[in-house]
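Heads up: the structure comes next, in structure tokens.
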């Protein structure tokens, strides 16, 4: 089981907000967003691409909180509940009878609703795998400063690719671009500011999330995945 299956949602949401509000960007905003006003919305706003639940493991508890996720899927990529060390988790697999699956187009939309001690608001990342683009939209506050961004990065496309097992599926779903190979970006420097130390501060509150994947194979068939969940910090 990849660590990302448990931690990606928290880290993406927290790091997105912790990368905002740098002193080097005094208006706190991204491209074409002068003098923004903070958003008060702390609820996920993306509609699931599928509600066919295939795995709903028990919430994972850790010191100071919990992580709960539910997996839904339709098509030739599914999620199977597994157990290791007394912990249940979801594992991506091809459905029975399918040995390989060539993906030629894919999109991912990650939507976070963050209500933490140091960060509040929403963050949405939209991935176009074929184009190699990732659009970041953030509206909220981080450590009392306005955090508002709407910017896009471009990377080499990871497609086409052939899925054969859990690892290959996870590698595709977890694609987020390699900063060493970034082709272009209109995100301001403040978006990339290194505030990782701040993400380790004690936080209380919740991070709700939804992740939608739409994979299209070389025969034009679509395969849908929706992960929904919540992290609670006490």
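The values are calculated or read from the model by the stated rules, or taken from the named source; none is laboratory data. This structure is a prediction, so every number in the text was calculated from the model and none was measured. Methodologically, a virtual Cβ is constructed for each residue, glycine included, from the backbone with ideal geometry; neighbour enumeration extends over all protein chains shown.
Here are some notes:
- Per-region count, segment 76-97, residues part of a strand (DSSP E or B) and touching a residue at least 40 places away in the same chain (Cβ under 8 Å): 10
- Hits in segment 158-178 (condition: farther than 21 Å from residue 89 by Cα, within 18 Å of the chain's Cα centre (by Cα) and in contact (Cβ under 8 Å) with a residue 24 or more places away in the chain): 158, 176, 177
- So residue 37, is it part of a loop (DSSP other than H, G, I, E, B), farther than 27 Å from residue 177 by Cβ and at pLDDT below 85: yes
- Residue match in segment 58-67 (condition: modelled with pLDDT of 95 or more, crowded, with 16+ Cβ neighbours inside 10 Å and within 21 Å of the chain's Cα centre (by Cα)): no
- Filter result (free of Cβ contacts under 8 Å to residues at least 60 places away in the same chain and surrounded by 17 or more Cβ atoms within 10 Å (Cβ to Cβ)) within segment 136-153: 137, 152, 153
- Residue ranges of strands (runs of 3 or more DSSP E) in segment 102-207 with at least 3 members at pLDDT 95 or above and out of contact with any strand residue (DSSP E or B) (no Cβ under 6 Å at 6 or more places or on another chain): none
- Answer from 188, 156 - the residue that is over 21 Å from residue 48 (Cβ atoms) and surrounded by fewer than 15 Cβ atoms within 10 Å (Cβ to Cβ): 156
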